[in-house]
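Colleague: Before I ask anything, let me first share the structure, which is written out below as structure tokens.
The values are calculated or read from the model by the stated rules, or taken from the named source; none is laboratory data. All values reported here derive from a predicted model rather than from experimental measurement. Every residue, glycine among them, receives a Cβ derived from its backbone with ideal geometry; neighbour counts consider all protein chains shown. When the accessible area is computed, the model is the full protein with side chains, heavy atoms only, and any ligands, DNA or RNA have been set aside. Shrake-Rupley method; radii C 1.70, N 1.55, O 1.52, S 1.80 Å.
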Amino acid sequence: MMNNATTMPEPLQKMLKQKENLTLEFKKAQSNVPKDVYETVSAFSNRDGGNIFLGVKDNGEILGVEEDCIPRMMKDFSSTINNPDMIYPPLYLRMIDYM
């Protein structure tokens, strides 16, 4: 994730209009990283990868993430993904913060 506000690119806007599928998952997470996100990460890593949107309802409606929670959520998510006791092998992630 980037700390500076950016405009969401058109391809991501199109993804939000899709339904969840084998490579797309929405999580309502507004203040914490939900535990079930790691199941999704594991499933994506065993297939062709995918995109997880936090702060988005299952129907694609953007709820947003509480701004003061973003740094902690980024750290928690990254720490878990890179902890070999939690997920092995550790994964490469590209996290982007869109405001």
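Colleague: What pairs come out if I take residues in the range 75-99 that are over 22 Å from Met8 (Cα atoms) and touching a residue at least 12 places away in the same chain (Cβ under 8 Å) and pair them with residues that are of a type in the set (Val, Ile, Thr) and outside any loop (DSSP other than H, G, I, E, B) whose C-beta lies under 6 Å away, six or more apart or interchain?
Modeller: Final answer for the pair search is Met86/Thr80; Ile87/Ile81; Leu91/Ile81.
Colleague: Exactly one condition in (1) surrounded by 13 or more Cβ atoms within 10 Å (Cβ to Cβ); (2) in a loop (DSSP other than H, G, I, E, B); (3) under 13 Å from the mean Cα position of the chain (by Cα) is false for Ile87; which is it?
Modeller: (3)
Colleague: Here is a list of conditions, (1) more than 13 Å from the chain's Cα centre (by Cα); (2) surrounded by 13 or more Cβ atoms within 10 Å (Cβ to Cβ), and Asp68 meets all of them except one; can you say which number that is?
Modeller: (2)
Colleague: Also, I was wondering about something else. Among what's in the range 44-57 and is in contact (Cβ under 8 Å) with a residue 12 or more places away in the chain and over 13 Å from the mean Cα position of the chain (by Cα), pick the residue that is surrounded by the fewest Cβ atoms within 10 Å (Cβ to Cβ).
Modeller: So the residue we want is Asp48.
Colleague: Name the one entry in Lys28, Lys17 that is in contact (Cβ under 8 Å) with a residue 40 or more places away in the chain, surrounded by fewer than 16 Cβ atoms within 10 Å (Cβ to Cβ), touching a Gly at 6+ places or on another chain (Cβ under 8 Å) and closer than 19 Å to Ile96 by Cβ.
Modeller: Going through Lys28, Lys17 in turn, the sole match is Lys17.
Colleague: Further question: Can you find a residue in the range 71-82 that is in contact with a helix residue (DSSP H, G or I) (Cβ under 8 Å, 6 or more places away or on another chain) and either in a loop (DSSP other than H, G, I, E, B) or open to solvent by 70 Å² or more (accessible area, probe 1.4 Å) (or both)?
Modeller: no
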